[in-house]
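The values are calculated or read from the model by the stated rules, or taken from the named source; none is laboratory data. Values in this document were obtained by computation on a predicted structure and should not be read as measured data. Here the Cβ positions follow ideal geometry from the backbone for every residue, glycine too, while neighbour counts run over all protein chains shown. These accessible areas exclude ligands, DNA and RNA; they are computed on the full protein's heavy atoms, side chains included. Shrake-Rupley method; radii C 1.70, N 1.55, O 1.52, S 1.80 Å.
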Amino acid sequence: MPAPSALRRSLAVIAALPLLTLAACGYGSQAKDDGAAEVAAGAKKIDGLDSVKIGYFGNLTHGTALVGVQKGILQKALGATKVDPAVFNAGPSEIEALNSKSIDIGWIGPSPAINGYTKSAGKNLRVIGGSASGGVKLVVNPDKIKSLKDVEGKRIATPQLGNTQDVAFLNWAAEQGWKVDPQSGKGDVTVVRSDNKVTPGAYQAGSIDGAWVPEPTASKLVAEGGKVLLDESTLWPDEKFVITNIIVRQDFLKEHPKVVEAVLKGSVETNKWINANPDAAKAAANKQLETDSGKALPAEVLDPAWKSIRFTDDPLASTLNTEAEHAVKAGLLQQPDLKGIYDLAPLNKVLKAEGEPAVDDAGLGVK
């Protein structure tokens, strides 16, 4: 019989699940403005637009958006066109917000971008830039799992059915020769779909044996005594794979190309600043997390999490195509036609002006 404290934690986790599910169905919470993004005196609106609605997650893998908002870099690039940010917990809710025009541009993972594009028959979004690579780990209970083969028969959490990490774990499990039903998560390994906010509590309660999750959740689990068994980057060529892209509504891109270009300019400048000032950037990202959620990350979580993420303007298009193939193999996606999902012309224009090399769409760009 579990100890009373463990039982209480288990009940708390279970009770929280419906609330988090309801939250994920919304259009995200408005990001708080702490004054870091004031419009400069004399600045002018771009295309006469009052504001641009930008979505992102409260994850360190969305560090470009976190830092760009916190340091006012995105706002500076947009002049007097106000940055109007919103924070999301899940990819599907951000795609829904994009489709309903509740946001115009968003930082998002590859799987929701693929799903959103294919479900709309290629009519709702374009991927217009990269943001981050890496930052995903398999963290396990070292008392129960001591090697990769020990994962068989265990309960492993992923953030959401069909999300980027869920697809990655199902693909990895299949490569080990294990069979898992993609919908129920039952099989040689049990996949538990658990919101990132709930996963550390589930781990503490012993209801899961590990998790394949993005940062900072992975490092939160390590702080709770977990062990990193596998860093997903080691499974990819050059240890690079897309974890966060930038997407835009196609109609917004057509109607406001200069605004889109300005956001991309702000993103490129933010990534440059992040890579030149890693410690200050880490602190800025953490400050924005605190502004948005009311709680900053402790150093023992923040430091290792930040080190595992690479910030890049390159969307790493070939890896998105591979991730789509993984989803097809897992039975979560029918063979998609991704031609036209990318429009990298605005980004390459910005990169050229910055003296940087162009990035490639892997043959999946607009004609």
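List of remarks:
- Relative contact order, whole percent, for the stretch 137-239 stands at 43, derived from Cα pairs under 8 Å and 6 or more residues apart.
- For the chain, calculated [θ]222 nm from helices alone, where every DSSP H run of n ≥ 4 adds -39500 (n - 2.57): -12500 deg cm²/dmol
- Among the trypsin sites (Lys or Arg not before Pro) found in the stretch 173-210, those both in a DSSP coil and sparsely packed, with 12 or fewer other Cβ atoms within 10 Å of their Cβ, are K179, K186.
- Protein accessible area in the chain, 1.4 Å probe - carbon and sulfur %: 52
- Simple spin-label estimate for K44 and K154 in nanometres, 7 Å along Cα-Cβ: 6.0
- The chain, accessible area per residue, ligands and nucleic acids excluded (1.4 Å, Å²): 43
- Calculated P(r) of the chain - Cα pairs past 25 Å, %: 52
- Pairs of C-alpha atoms in the stretch 137-239 farther apart than 22 Å represent 19 percent of all such pairs.
- Inter-label distance, nm, simple model (7 Å from Cα along the C-beta direction), E224/K101: 4.2
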